[in-house]
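Chemist: Handing you this structure, nothing more for now.
None of the figures in this text is laboratory data; all of them are computed from the coordinates on show. Quantities reported herein were computed from a predicted structural model and do not represent experimental measurements. Note: ideal-geometry Cβ built from the backbone for every residue, glycine included; neighbour counts use all protein chains shown.
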Amino acid sequence: MKLAQGQVRSAKQEDATAIGQAHSEAWRVGFAGLFEPAWLAEAVRERRTRWQEALGETRRNGTEVLVSESDGAVTGFAHFGAGDETATIGEVFALYVRPDSWGTGTAQALTRDALGRLRRQGFERTVLWTPMRAARARTFYVHNGWSLTGRMQERDFGDGRPQPLVEYARLT
């Protein structure tokens, strides 16, 4: 998909560093109020380097990663594939855009392309989980056709303080 200033394409191994930068910056800014600052700083550092290995893992587990690119720079990414529940439900595991690209249509383009690929693979519905207190992300999902399912779970991201997560879904 073409963006006003770029495009969405399948990620390549050489995108790993740029994906890590987008992931870490989105966490640093978007989750600033959700985690204790010192722990968040460590989580941001870890996300910066995790994609070297994670991109190879996606090929082995059958999931996909798309990147958005503008002027030759990666501005965001989406990681998605088969959900855990049934053969008809896909899942978006991660959708992150660099804060300096928020509001540019980048996340919408990544979402559209990911949903299109999931639809072509036969998934009728797609779900995602997000922290209950991630107001910006939740507003984005609602404005882009996602609906709360009523399902919740807790996840400890590694700081010993479980975060409540809410599930959103939409037709693929």
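Chemist: May I ask you to sort Arg59, Arg125 by Cβ crowding, counting other Cβ atoms within 10 Å and putting the fewest first?
Modeler: The fewest-first ordering by Cβ neighbours comes to Arg59, Arg125.
Chemist: Still on this structure, please answer the following. In a GNM of the chain with a 10 Å cut-off on Cα contacts, which of Pro37, Pro131, Pro99 has the highest mean-square fluctuation?
Modeler: Pro37
Chemist: Once you have the alpha carbon radius of gyration of segment 6-125, what is it after dividing by 2.2 N^0.38 Å, with N set to its residue count? Could the numbers behind the result be given before it?
Modeler: Details: Rg = 14.3 Å, N = 120, 2.2 N^0.38 = 13.6 Å.
Ratio of Cα Rg to 2.2 N^0.38 Å: 1.06.
Chemist: How big is the charge dipole of segment 35-119 about its Cα centre, in debye rounded to the nearest 20, if each Lys and Arg gets +1 on its Cβ and each Asp and Glu gets -1 on its Cβ?
Modeler: 180
Chemist: Also: Segment 6-78 to segment 93-147: how many Å between their Cα centroids?
Modeler: Distance between centres, Cα-based: 15 Å.
Chemist: Restricting to Cα pairs below 8 Å that are 6+ residues apart, what does the relative contact order work out to for segment 6-125? Please round to a whole percent.
Modeler: 28
Chemist: Can you list the GluC sites (Glu not before Pro) in segment 86-172 that are in a DSSP coil and have 16 or fewer other beta carbons within 10 angstrom? Don't skip to the end; give the middle numbers.
Modeler: On the way: sites: Glu91, Glu124, Glu154, Glu167; in loops: Glu124.
Qualifying residues, ordered by number: Glu124.
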